[in-house]
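Some notes on the structure that comes next.
The values are calculated or read from the model by the stated rules, or taken from the named source; none is laboratory data. Here the structure is a predicted model, which is why all the values come from computation and not from measurement. Counting neighbours? That spans all protein chains shown, and the Cβs are built from the backbone with ideal geometry, glycine included. Surface areas here come from the heavy atoms of the whole protein model, side chains and all, with no ligands, DNA or RNA. Shrake-Rupley method; radii C 1.70, N 1.55, O 1.52, S 1.80 Å.
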Amino acid sequence: MLPRSARRYAASLVAAAIVAVATAACARTSTDAASIAAVELPGEARETLANIRRGPPFPYERDGVSFGNRERLLPSRPRGYYREYTVRTPGERTRGARRIVCGGASTAPDACWYTGDHYRSFARIVE
């Protein structure tokens, strides 16, 4: 049998592992885990938000297309609810990784999220 201190240490390790796994799972599925004020967004993202509110035409061909939320990091909504828009990345020759995804009406969305890492994480934009 293990000494009492070894059992406590083992129990602490197990508890820490459970907390770490639960925290990671919540971070992947929580839609309110992160937010960003619109004024804190990069200037190019603020330009994209203004373009969204003005409506088409958009600077990129794929702007305004349906976003499938396959990562399931945003709240579950019916197909076609979300649309994605490119945030220009200075120095990039392609569209880059930055996007804004909005849900709801096209020029008056219910909510928008910013991703700087091509859909690996999102921050809800707070106006």
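The numbered conditions (1) of a type in the set (Asp, Glu); (2) farther than 14 Å from Ile36 by Cβ; (3) not in a strand (DSSP E or B) are all true for Asp117 except (2). Criterion applied to Ile18, Ile36 was being open to solvent by less than 40 Å² (accessible area, probe 1.4 Å), outside any loop (DSSP other than H, G, I, E, B) and either of a type outside the set (D, E, K, R) or modelled with pLDDT under 95 (or both), and the one residue passing it is Ile36.
Does Leu73 qualify as being at pLDDT 95 or above, within 17 Å of the chain's Cα centre (by Cα) and in a helix (DSSP H, G or I)? In short, no. Of note, Arg72 satisfies the criterion of being surrounded by fewer than 16 Cβ atoms within 10 Å (Cβ to Cβ), out of contact with any Asp or Glu (no Cβ under 6 Å at 6 or more places or on another chain) and among the basic types (Lys, Arg).
Just one of Ala45, Ala38, Ala34, Ala50 is closer than 16 Å to Arg98 by Cβ, of a type in the set (Gly, Ala, Ser) and free of Cβ contacts under 8 Å to residues at least 12 places away in the same chain; which is it? Walk me through how you get there before you give the answer.
Numbers: Ala45 fails: free of Cβ contacts under 8 Å to residues at least 12 places away in the same chain; Ala38 fails: free of Cβ contacts under 8 Å to residues at least 12 places away in the same chain; Ala34 fails: free of Cβ contacts under 8 Å to residues at least 12 places away in the same chain.
Result: Ala50 is the single residue among Ala45, Ala38, Ala34, Ala50 that is closer than 16 Å to Arg98 by Cβ, of a type in the set (Gly, Ala, Ser) and free of Cβ contacts under 8 Å to residues at least 12 places away in the same chain.
Quick one: how many residues across region 91-127 are surrounded by fewer than 16 Cβ atoms within 10 Å (Cβ to Cβ) and among the polar types (S, T, N, Q)? Lay out the reasoning, then the answer.
In the first step, residues of region 91-127 are kept if they are surrounded by fewer than 16 Cβ atoms within 10 Å (Cβ to Cβ); the result is 91-94, 97, 104-108, 110, 117-118, 120, 126-127.
Next, from what is left, pick out any that are among the polar types (S, T, N, Q): 94, 106-107.
Adding up the residues that qualify gives 3.
Note on region 76-111: among residues that are aliphatic (A, V, I, L, M) and modelled with pLDDT under 95, the one that is farthest from Val126 (Cα to Cα) is Ala105.
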